[in-house]
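I have placed the structure first, in the form of structure tokens, so that the comments after it can refer back to it.
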Amino acid sequence: MTGLGRTLGRGLTLALTHTLTLSGVLLLTATAARAESRIEKDLRLEPGGSFRLETDLGWVKVRGTDRSGARIVVTSKRDDLNELLSFRFDEGSGSVTVVAHKKHPLSSLFWTRGNSVGFEIEIPFKTRVAVDTSGGSISLAALEGDAKLETSGGGIEVRDHAADVVAHTSG
């Protein structure tokens, strides 16, 4: 009976070692999958132009700057942005349009706040702005162009703005 106990003990130890090794690999894979995903774009935009963002999810921060051009940084703390959203970045004569739609329409059924998608945008001070997001707050600061802001899932904050603002939130 003692020999059987040793065999069981070694077998159990071997099985436990393999289980812990597999758990470690899965944990590392899960951690890598949760790493921050980031997209950065610099687009042509002169003062006096217009900027429009339409997104199915995420918080948005827009800040005026004395430089020309639109600087867009999109981040996600958990998901790969290119798997989560399809992006379109358009620059035209005096305008920039950014559109980000969910790739999987049913993803809202399984949405959690932990995804933390965010848009940080810098544009010239004298730029007209339109922002429409379905999943987060909007913050606007230091601009001198008219602004239209709409969100279905968050608050709206406007600071140091020297033009008309039309804002609507359902959240």
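The values are calculated or read from the model by the stated rules, or taken from the named source; none is laboratory data. Here the structure is a predicted model, which means the values were calculated and not measured. FYI the Cβ positions are ideal-geometry reconstructions off the backbone, even for glycines, and counts take in every protein chain you see. Note: areas computed on protein heavy atoms with side chains; ligands, DNA, RNA excluded. Shrake-Rupley method; radii C 1.70, N 1.55, O 1.52, S 1.80 Å.
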Checklist outcome for this item: Cβ pairs under 6 Å, 6+ apart or interchain, first in the range 57-76 and modelled with pLDDT of 95 or more, second among the basic types (Lys, Arg) and assigned to a strand (DSSP E or B), ordered by first then second residue, are 72/41; 75/38
Checklist entry - With (1) open to solvent by 70 Å² or more (accessible area, probe 1.4 Å); (2) at pLDDT below 95; (3) over 17 Å from residue 136 (Cβ atoms) as the list, and residue 92 as the residue in question, which single condition is left unmet? => result (1)
Checklist outcome for this item: The one condition residue 169 fails out of (1) within 25 Å of residue 77 (Cα to Cα); (2) over 18 Å from the mean Cα position of the chain (by Cα); (3) open to solvent by 70 Å² or more (accessible area, probe 1.4 Å) is (3)
Next on the checklist: List the residue pairs whose Cβ atoms are under 6 Å apart, where the first residue sits in the range 154-170 and is closer than 13 Å to residue 135 by Cα, the second is not in a strand (DSSP E or B), and the two are 6 or more positions apart or on different chains.
Outcome noted: 154/136; 154/137; 154/171; 155/137; 170/152
Checklist entry - Just wondering, is there one or more residues in the range 105-114 that are in contact with a Ser or Thr (Cβ under 8 Å, 6 or more places away or on another chain) and on the phi < 0 side of the Ramachandran plot? => result no
Checklist entry - Looking only at the range 95-118, which residues are open to solvent by 30 Å² or more (accessible area, probe 1.4 Å) and modelled with pLDDT of 95 or more? => result 95
Checklist entry - What are the residues in the range 119-166 that are assigned to a strand (DSSP E or B) and open to solvent by 50 Å² or more (accessible area, probe 1.4 Å), if any? => result 120, 128, 132, 148, 150, 156, 157, 158, 159, 160, 165, 166
